[in-house]
Structures are given as structure tokens and as C-alpha cells.
Amino acid sequence: MAKKSKKKTRGTSGSILWKLLFVAALCVLVFSAYNLIKIFLSYKEGTDEYNELRQYTVQVTPEPSKEAPDENGGEPEPVQAPLTVDFASLQAINPDVKGWLYIEALDISYPIVQGEDNEEYLHTTYEGNSNYAGSIFVDYQNNDNFSDCNTIVYGHNMKNQSMFGKLKQFKEQEKYKDSVYFWILTPEGDYRYQAFSAFYTDAISDAYTLFSGPGESFTQYQADMAARSEVPLEVPAMDQNSKIVTLSTCAARDSSRRFVVQGVRIS
């Protein structure tokens with residue numbers, strides 16, 4: 001009888017152990033599902049907010065290209081901006097707005113803000129909500145009117161392709177073949193840029209160099225950045241008075257790496 005009782009006890013212990021393992025696995029599954037749902041809802045909240053902000057932009061029907069000289073051999077007329085932006089309404093929501101970024105080839109269209117430091121809008125949306133997506137923002141050390149030699153604009157590499165999640169497609173999916181131009185629209189004027197360099201680099205890189213003003217060092221910088229491009233882009237004429245914008249986002253698999261697209265103002 002004693003032996004039979006001992007065998008029954010062992011069987012019960014094994015059953016309890018399997019139940020505990022099952023409960024533990026179920027808890028891990030539920031916790032993982034909760035985190036995935038939380039991330040999904042956070043992404044959706046951020047995307048919905050920025051989609052709502054697009055009501056303050058109006059798509060402009062593009063006119064025939066005038067990049068080539070006209071029939072009379074005159075100078076080409078300025079290319080029309082693809083959007084009009086209601087900055088008065090945007091400023092009523094957030095006075096930190098400095099412009100609107102539009103990259104047609106990548107379907108990127110967002111307001112640009114600038115904080116007192118580079119942490120302010122890292123995980124804060126345009127409307128001031130806490131969200132991992134954060135905002136597209138200008139480096140706090142830059143002038144707020146895109147008049148610097150090199151203006152740096154940051155955005156998160158979101159997994160749902162929002163913000164700067166599509167920026168890497170410029171290289172990886174060769175989106176540069178669709179268009180090498182992007183726009184920054186501001187309350188003062190609309191600026192068109194031509195991309196001349198795109199490459200992966202370190203988080204601490206001379207690509208993020210800021211200049212106090214025009215000079216030989218900036219001219220050398222232009223040549224260095226153009227030579228570093230991992231995409232075969234045409235390099236437009238540039239000089240020490242050129243205005244460059246550096247679009248920057250994190251690399252997907254390495255948090256210490258960045259992907260940048262640099263463009264020079266052409267109109």
C-alpha cells in the first residue's frame with residue numbers, strides 16, 4: 001500500500017509542475033499580446049493625429065514642368081510648391097511649428113517643429129501628446145527659418161512606416177529614381193531641395209556639423225558629403241552660400257547608426 005501511495009504522489013507532483021509551466025507560458029503570452037496591442041494603439045494614435053493635421057494642407061495641381069528654358073530661350077520659371085499650408089491654424093495648435101516637410105517620392109508629409117532642446121519633441125507629438133512617434137523636429141541649435149548652412153531635421157524610423165520610417169527607402173528601394181526633390185514649406189516662403197547624398201553613418205558623425213556661417217570649411221563639407229553618398233545622385237552646383245538640409249533617422253537594426261538624406265536648396 002505504501003508503494004502505491006508513493007507512485008500516486010509522484011504523479012500528482014508532475015501534474016502540478018506541468019500546470020505551473022502552462023500558467024507561466026500563458027502569462028508570458030498574455031503579457032506579450034498586451035505589449036503588442038499597446039504598441040499598436042500607440043502607433044495608431046500618433047498616425048491618426050498627424051493624419052488629422054493634414055486637413056491644414058491643400059494639394060496643388062502641378063503645372064507642366066518649367067525646369068527647362070522656355071521656348072524663347074529665357075530663364076525657367078520657379079516650380080510651384082505641391083502644397084499650400086494653413087500655418088495660422090497650425091500655429092494656433094502649436095506655436096513651435098517652423099515648417100512643413102513634403103517628400104513626394106516617399107509619401108512623407110509632416111509639420112516640422114523646434115523645441116528648446118532635442119529631447120522636447122523626441123517622444124512628444126505636435127499636439128503635445130506623449131507618444132513614441134514624437135515629431136519631425138529641427139535641431140534646437142539651428143535657426144528656425146532654415147537659413148543656416150546646414151539645417152538638421154530629425155524623425156523616428158517607425159516600424160509602421162510613419163514619420164521617417166520610409167526615409168531608408170530612398171536608398172534601399174531606389175526611390176530616388178522616382179524623384180530627387182523635396183520641399184520645406186514655411187510661413188515665410190516655400191523652399192525646394194535637390195537630394196545630393198544619402199548614406200548610413202554613425203550617431204556621432206561630421207554629417208551633423210553646424211556652421212556659424214559661409215566659408216571654405218562649408219564648401220569642403222559639401223564635397224565630402226557628396227562623395228560619401230551610397231546612392232548615385234547628381235550633385236547640383238553648390239557654393240559657400242548654399243543652404244543644405246540634412247534629414248536624419250535611426251537605422252533599423254543598430255541604434256548607434258543613422259541614415260541621412262541631404263538636399264541643397266535650389267529654389
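Below is a table of values for the structure above.
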| read-out | value |
| --- | --- |
| Between segment 173-243 and segment 103-126, the alpha-carbon center distance in angstrom | 19 |
| Protein-only accessible surface order, largest first, of ILE266, ILE136, ILE204 at 1.4 Å | ILE204, ILE266, ILE136 |
| Solvent-accessible area per residue for segment 87-180 (1.4 angstrom probe, square angstrom) | 42 |
| Estimated distance in nm for a label pair at GLN59 and GLN141, the labels positioned 7 Å out from Cα along Cα-to-Cβ | 3.9 |
| Chain lengthening between SER217 and TRP18 when straightened (0.36 nm per residue, less Cα-Cα) | 64.8 nm |
| For ASP117, solvent-accessible area (1.4 Å; no DNA, RNA or ligand), Å² | 70 |
| Label-to-label distance, nm, for residues given as GLU234 and ARG257 (7 Å Cα→Cβ offset) | 3.0 |
| Accessible area (Å², 1.4 Å probe, nearest 10) - LYS44 | 100 |
| Loop-resident sites, segment 161-213, for chymotrypsin sites (Phe, Trp or Tyr not before Pro), counting at most 10 other Cβ within 10 Å (DSSP) | none |
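The values are calculated or read from the model by the stated rules, or taken from the named source; none is laboratory data. Everything numeric in this text was worked out from a predicted model, so none of it was measured. Don't worry about glycine lacking a Cβ; one is built from the backbone with ideal geometry, like all the others, and counts go over all protein chains shown. Areas reflect the complete protein model, heavy atoms only, side chains present, ligands, DNA and RNA absent. Shrake-Rupley method; radii C 1.70, N 1.55, O 1.52, S 1.80 Å.
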